[in-house]
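Student: Let me begin by handing over the structure; questions about it come next.
The values are calculated or read from the model by the stated rules, or taken from the named source; none is laboratory data. Fair warning: this is a prediction, and the values are worked out from it, not measured in the lab. Quick reminder, even Gly has a Cβ in these numbers, built from the backbone with ideal geometry, and neighbours come from all protein chains shown. Ligands, DNA and RNA are excluded from the accessible area calculation, which covers all protein heavy atoms including side chains. Shrake-Rupley method; radii C 1.70, N 1.55, O 1.52, S 1.80 Å.
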Amino acid sequence: MNGLLVGRFQPFHLGHAEAVGLALGRRGSLWLCIGSSNAPQDARNPFSAAERREMIESSLPRASMERIAIYEIPDYDDHARWMAEIDATVPKYGTVYTSDGPTAAMFRARGAEAVALPLVSRATLEGSRIRAMIAAGEDVSGLVPAGTAAVLARIGARARLARLNRP
């Protein structure tokens with residue numbers, strides 16, 4: 001049975017890459033869902049779904065990408081509608097990988113196995129911290145895969161985040 005992992009990936013960092021590796025270690029295929037795909041660009045969601053897809057695809061090994069399908073999942077601020085969107089968008093899955101307790105409970109209530117993923121180096125590998133570092137012009141090369149770093153440079157992430165973080 002396939003696995004499911006949902007994340008915003010703003011940006012895709014080494015903790016996300018570790019989570020994908022752990023999930024792939026347990027399953028043959030992984031449905032990777034880019035959450036908040038419909039979110040307007042702001043300081044919390046500065047990267048488009050297409051940019052995040054590019055970060056993921058350029059950061060993971062080819063052998064891993066052969067076992068992954070990526071889907072974009074919009075937010076609705078309504079858990080039932082969000083879960084219905086996942087069901088309508090991705091093929092059947094049996095295991096959900098998450099570090100979020102409420103998300104795990106929602107999927108378990110629907111009969112899916114929910115596997116808790118450890119938050120790797122959460123003090124440093126946290127999206128809002130990484131975005132703040134990018135905006136400040138700090139080096140994040142030790143926090144994101146090389147593929148993500150290349151995408152961030154190409155799209156001018158520093159200037160974008162500095163602009164979005166202005167009061």
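Student: Considering the values [x] 45, 34, 27; [y] 75, 38, 30; [z] 36, 35, 33, which represents Cα extents along the principal axes in Å as calculated for the structure under consideration?
Tutor: After the calculation, the listed value that fits is [x].
Student: Let me ask something else. Loop-only check: which chymotrypsin sites (Phe, Trp or Tyr not before Pro) in the range 59-150 are DSSP coil with at most 15 other Cβ within 10 angstrom? All intermediate terms of the calculation are to be shown ahead of the outcome.
Tutor: Numbers: sites: Y71, Y76, W82, Y93, Y97, F107; in loops: Y76, Y93.
Sparse-neighbourhood loop chymotrypsin sites (Phe, Trp or Tyr not before Pro): Y76.
Student: Mind listing the long-range amide H neighbours of V144? Cut-off is under 5 Å, sequence gap 5 or more, other chains count too, H placed in the peptide plane at 1.01 Å from N.
Tutor: So V144 has HN proximity to L14.
Student: Can you pull out the trypsin sites (Lys or Arg not before Pro) in the range 105-167 that DSSP calls coil and that have at most 12 other Cβ atoms within 10 Å?
Tutor: Details: sites: R108, R110, R122, R129, R131, R154, R158, R160, R163; in loops: R110, R122.
Here the trypsin sites (Lys or Arg not before Pro) that fit, given the DSSP loop and packing criteria, are R110, R122.
Student: Counting only helical runs of four or more DSSP H residues, what would the 222 nm mean residue ellipticity of the chain come to if each run contributes -39,500 (n - 2.57) and the total is spread over all its residues?
Tutor: Details: 8 runs with 74 residues, N = 167.
The helix-only estimate for the chain comes to -12500 deg cm²/dmol at 222 nm.
Student: In whole Hz, with x marking every Gly and Pro, tabulate ³J(HN,Hα) for the range 101-106 from phi via Karplus 6.51 cos²θ - 1.76 cosθ + 1.60, θ = phi - 60°.
Tutor: Per residue, the Karplus-derived 3J(HN,Hα) values read x, x, 5, 4, 5, 4 Hz.
Student: Can you compute 3J(HN,Hα) from phi for each residue in the range 60-65, using the Karplus curve 6.51 cos²θ - 1.76 cosθ + 1.60 with θ = phi - 60°, rounded to whole Hz and x for Gly and Pro?
Tutor: 9, x, 3, 4, 5, 5
Student: Further question on the same structure: Only loop residues by DSSP count here, and only those with at most 11 other Cβ atoms within 10 Å; note down the GluC sites (Glu not before Pro) in the range 58-112 that meet that. Walk me through the intermediate numbers first.
Tutor: Details: sites: E66, E72, E85; in loops: E66.
Those satisfying the criteria are E66.
Student: What residues have an amide H closer than 5 Å to that of V96, excluding those fewer than 5 places away on the same chain, when H is modeled at 1.01 Å from N in the peptide plane?
Tutor: L4, E113, A114, V115
Student: Along the range 4-17, what does the Karplus equation 6.51 cos²θ - 1.76 cosθ + 1.60 (θ = phi - 60°) give for ³J(HN,Hα), rounded to whole Hz, x for Gly and Pro?
Tutor: Whole-Hz 3J(HN,Hα) from phi for the range 4-17: 10, 9, 10, x, 7, 6, 10, x, 5, 10, 5, x, 5, 4.
Student: Now for a separate question. Over the range 20-67, what percent of the accessible surface lies on carbon and sulfur atoms, probe 1.4 Å?
Tutor: On the way: 1070 of 2220 Å².
Heavy-atom surface of the range 20-67 belonging to carbon and sulfur, 1.4 Å probe: 48 percent.
Student: Moving on. Amide H of Y71 versus every other amide H placed in the peptide plane: which residues, excluding those fewer than 5 positions away on the same chain, fall under 5 Å?
Tutor: L32, C33, I34
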